[in-house]
Amino acid sequence: MSTNQAYDRREFLKAAAAAAGVASLPSLAFAQGAKIKIGLMLPYTGTYAQLGVAITNGFKLAVAESGGKLSGRELEYFTVDDESDPSKATDNANKLVTRDKVDVLIGTVHSGVEMGIVKIARETGVLHINPNAGADAATGALCAPNIFRTSFTNWQPAYPMGKVLADRGIKKVVTLTWNYGAGTESINGFKEGFTKAGGSVVKELLLPFPSVEFQPLLTEIASLKPQAVFVFFAGGGAAKFLKDWQAAGLKGKIGLYGTGFLTDGILESVGDAAEGIETTLHYGDGIETPKNKTFRLNYAKTYKLQPDVYAVQGYDAGLLLAAGLNAVKGDVSKKKEMIAAMEKVKIDSPRGAWTMSKAHNPIQDIYLRKVVGKENRVMGVAHKALADPARGCKMG
Ligand code: PHB
């Protein structure tokens, strides 16, 4: 039978099935064993380049561990460097969806770029898995059935640090971050937890993303002499910040705290500038579970690199997609059934098992960590099974 004949026959059967009120047939692409098209829209240049690479590695490790296929189907990758540039985000996402016709759009790191992906995902209905960007609205006011996240909201790892500091008798804090979604939402999350526990933020300092001109701000902090400083920085910018903080003589004088992005994935490159710094995050290097140990071993063997939180989030995106595909035996056209399965997952993650909230964001433990040598060591659980409040989400 030629492809056209097969198609005609299929269309006929579909119409007949519809007329008879029967569930639709498997898609043509599925019947022909076509590869599943995966769009990877991530930063591979700029301050977040290493984060994009770690996510890609983690995702591909999950695929390799399931035999190089998902639910028996091969994958074809369409990769775009989004440069962490929000002005190019909708164009980049649109090309992957309308030109390359990806079945799943996976990305990204930067919250501003994520807002562009969310717009395209909502307009086109493409299945979207976000393996990092914390933009609160993606699983808040802009939540949608086809939008999933395997990482965190910006609020989520920042909020518990407020109580940790207040419990130590810290009352007045200065905050510092890049002036964009992830920065300001992280600060707001921290502030919410801190003020609820009796503390107050006395000054909020900002610089544009991805500037690393920290010097004037460090001078200002030195003269303000706060009890502690809470920051959001990540990637190459975080490494530079930690070195500048130490060089300015502030290390050991003023307490420095942040979300764990401050010290994740950069310990090899900052010497002892990060030693002793405490952060809150949904992952820590030394989590003592068989799952984490196997993951770390396999990742290190495969990539000759140590994994970090970004690698974990990419890996979990692979596990989530596999769970969706397994429920439909690889027929990606059965999107509703896939979504239903993805909503019910319990992901056996290197970070610890987590479930999906009604808004499609992980409900997960937030750890208190401390840098010891080249390790983000887990010191305890700062908040057990924390769910983002998902403000404005009308789903579920
Ligand atoms: C974000 O822009 O949402 C973002 C970027 C890097 C991180 C965390 C959040 O490490």
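Laboratory data are not the source of any read-out in this text; all were calculated from the coordinates shown. Just so we're clear, the structure is a prediction, and the values are computed from it rather than from any experiment. So basically every Cβ, Gly included, is an ideal-geometry build from the backbone, and we count neighbours across all protein chains shown.
Key figures for this structure:
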item	result
Positive-pole candidate from Leu165, Gly396, Ala141, dipole of the chain, charges at beta carbon	Gly396
Linear extension gain, Lys196 paired with Asn179, 0.36 nm per residue minus alpha-carbon span	3.7 nm
Cα-based shape type of segment 269-396, given that a ≥ b ≥ c are square roots of the gyration tensor eigenvalues and the cut on a/c is 1.5	oblate
Distance in nm between pseudo-label sites at Lys88 and Asn326 (7 Å out along the Cβ direction from Cα)	3.7 nm
Packing-based ranking, highest mean first, of 370-381, 233-244, 127-138 given that Cβ atoms within 10 Å are counted	127-138, 233-244, 370-381
Reachable aspartates and glutamates, given that their alpha-carbon falls under 15 Å from the alpha-carbon of Lys291 and they are not under 8 places away in the same chain	Glu65, Asp308, Asp316, Asp348
Neighbourhood charge, 13 Å Cβ-Cβ cut-off, centred on Asn94 and excluding it, Lys, Arg +1 and Asp, Glu -1	+2
Karplus 3J(HN,Hα) series, Hz, for segment 341-355 with 6.51 cos²θ - 1.76 cosθ + 1.60 (x for Gly, Pro)	5, 5, 6, 9, 5, 10, 7, 7, 9, x, 7, x, 5, 9, 10
Mean Cβ neighbour count within 10 Å, used as a protection proxy, ranking 317-328, 280-291 highest first	317-328, 280-291
Gap separating the Cα centres of segment 189-225 and segment 62-100, nearest whole Å	36 Å
Selected from Leu42, Met379, Val102, residue furthest toward positive end of dipole (the chain; charges at beta carbon)	Met379
Dipole moment magnitude, nearest 20 debye, the chain about Cα centre, only Lys, Arg, Asp, Glu C-beta charged	760 debye
Paramagnetic reach from Val372 (point 7 Å along Cα→Cβ, amide N under 19 Å) across segment 274-292	274-290, 292
Tensor-based shape of segment 155-281 (alpha-carbon gyration tensor, a/c under 1.5 rounded, otherwise prolate or oblate)	rounded
Pairs from Lys293/Lys374; Lys119/Lys329; Lys251/Lys304; Lys171/Lys374 whose Cα-Cα separation, in the structure shown, is over 26 Å	Lys119/Lys329; Lys251/Lys304; Lys171/Lys374
Most fluctuating residue given options Thr259, Thr56, Thr47, as computed from a GNM of the chain linking Cα atoms under 10 Å	Thr47
Three semi-axes of the equivalent ellipsoid, the chain, Cα gyration tensor, whole Å, largest first	41, 20, 19
J(HN,Hα) series, segment 50-64, from Karplus relation 6.51 cos²θ - 1.76 cosθ + 1.60, nearest Hz, glycine and proline x	5, 5, x, 5, 4, 5, 4, 4, x, 4, 5, 5, 4, 5, 4
Dipole magnitude of segment 155-281, debye to nearest 20 (Cβ charges: Lys/Arg +1, Asp/Glu -1, about Cα centre)	500 debye
Lys/Arg +1, Asp/Glu -1 at C-beta; segment 155-281 dipole; positive extreme among Ile221, Gly199, Thr280	Gly199
Cα-based convex hull, segment 326-396, per residue volume (Å³, whole number)	126 Å³
Residue-by-residue Karplus 3J(HN,Hα) for segment 172-179, coefficients 6.51, -1.76, 1.60, Hz, glycine and proline x	10, 10, 9, 10, 8, 6, 6, 7
Cross-link partners of Lys172 among lysines (Cα-Cα below 17 Å; sequence separation of 8 or more within a chain)	Lys163, Lys191, Lys196, Lys203, Lys225, Lys253
Test item: Cα-centred dipole of segment 232-324, Lys/Arg +1 and Asp/Glu -1 on Cβ, debye	160 debye
